[in-house]
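Here's the structure we're looking at; comments come further down.
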Amino acid sequence: MSRSPLPYNPKILELFRNPKNLGKMEDATVSAVAGNPACGDMITFYLKIDEKKEIIEKASFESYGCAANIATSSILTEMIKGKTLKEAWQISWKTVVNEVGGLPSVKFHCGILAIGALRRAIRLYYKNKGEKPVWLPEKQTFEEKQALEEEELAKMLAKKMEGFEGKNNV
């Protein structure tokens, strides 16, 4: 059974072929890993923050994922540079999807994952500082919940593998 390629627009294809801000940031203030067990995509977001002004100076990412995953992560790193943490927090996954020129509906989760990784990084930044600004929600947002942390993802995959191995034992 063959699958036809998804109808990605030229902007997504360009960001996939030539992603911006791709790679590990050695001097990051904070980083966060997020993944989606349904599709297998993984993202690590790195933020360099001016801690006095709470402004994102630099952002980069590492990705194990599809063209939409790489494109949405790439565009988001561009969108948040120079923004305060609060301004970056307020960016929605729909804004990211619009910024890349739209996505096939089966790929909306890529925008959700990118925002989830960003929000996890921002939340971790404040947790590490022992602070919680009034604008930061007490509970995880929808996007954060959808973007499982690496440890949670590993547990889920291990459970699936146990079930798979149990079915194949003779």
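The values are calculated or read from the model by the stated rules, or taken from the named source; none is laboratory data. All values derive from a computational prediction rather than experimental measurement. Positions of Cβ are backbone-derived with ideal geometry, glycine not excepted, and every protein chain shown enters the neighbour counts. These area figures cover heavy atoms from the full protein model, side chains too; ligands, DNA and RNA do not enter into them. Shrake-Rupley method; radii C 1.70, N 1.55, O 1.52, S 1.80 Å.
Scanning segment 109-127 for residues being more than 13 Å from PRO137 (Cβ to Cβ), among the aliphatic types (A, V, I, L, M) and in contact with a helix residue (DSSP H, G or I) (Cβ under 8 Å, 6 or more places away or on another chain) gives a total of 6.
Does segment 33-56 contain at least one residue that is in a strand (DSSP E or B), of a type outside the set (S, T, N, Q), without any contact (Cβ under 8 Å) to a residue 60 or more places away in the chain and within 21 Å of LYS11 (Cα to Cα)? Checked against the condition, which is being in a strand (DSSP E or B), of a type outside the set (S, T, N, Q), without any contact (Cβ under 8 Å) to a residue 60 or more places away in the chain and within 21 Å of LYS11 (Cα to Cα), segment 33-56 yields no hits at all. Just one residue in the set LEU124, LEU153 is part of a helix (DSSP H, G or I), at pLDDT below 65 and either within 20 Å of PHE61 (Cα to Cα) or open to solvent by 30 Å² or more (accessible area, probe 1.4 Å) (or both); that residue is LEU153.
Quick check: is even one residue across segment 10-31 within 19 Å of GLU143 (Cα to Cα) and either touching a Cys at 6+ places or on another chain (Cβ under 7 Å) or touching a residue at least 12 places away in the same chain (Cβ under 8 Å) (or both)? Spell out how you get there, then give the answer.
Our first condition is that a residue be within 19 Å of GLU143 (Cα to Cα); within segment 10-31, this holds for 30-31.
From the residues that got through so far, the ones that are either touching a Cys at 6+ places or on another chain (Cβ under 7 Å) or touching a residue at least 12 places away in the same chain (Cβ under 8 Å) (or both) too are 30-31.
Checking segment 10-31: at least one residue is within 19 Å of GLU143 (Cα to Cα) and either touching a Cys at 6+ places or on another chain (Cβ under 7 Å) or touching a residue at least 12 places away in the same chain (Cβ under 8 Å) (or both).
Hey, among the residues in segment 108-122 that are more than 8 Å from the chain's Cα centre (by Cα) and touching a residue at least 60 places away in the same chain (Cβ under 8 Å), which one's farthest from CYS66 (Cα to Cα)? Break it down into steps so the answer makes sense when it comes.
Keep residues of segment 108-122 that are more than 8 Å from the chain's Cα centre (by Cα), which gives 108-109, 119-122.
Right, trim to touching a residue at least 60 places away in the same chain (Cβ under 8 Å) and you get 109, 120-122.
On the way: HIS109: 11, ARG120: 21, ALA121: 22, ILE122: 24 Å.
My answer is ILE122.
Here ALA67 meets each of (1) of a type in the set (A, V, I, L, M, F, W, C); (2) at pLDDT 95 or above; (3) open to solvent by 10 Å² or more (accessible area, probe 1.4 Å) with one exception, condition (2). Scanning segment 92-109 for residues that are more than 13 Å from TYR8 (Cα to Cα) and crowded, with 21+ Cβ neighbours inside 10 Å yields TRP93, VAL96, HIS109. Under 7 Å between Cβ atoms, which residue pairs at least 6 apart in sequence (or on different chains) link something in segment 74-89 that is surrounded by 15 or more Cβ atoms within 10 Å (Cβ to Cβ) with a partner that is among the small types (Gly, Ala, Ser) and part of a helix (DSSP H, G or I)? Matching pairs, first to second residue: LEU76/ALA114; ILE80/ALA88. LYS20 falls short on exactly one of the conditions (1) open to solvent by 40 Å² or more (accessible area, probe 1.4 Å); (2) touching a Lys or Arg at 6+ places or on another chain (Cβ under 9 Å), and that condition is (2).
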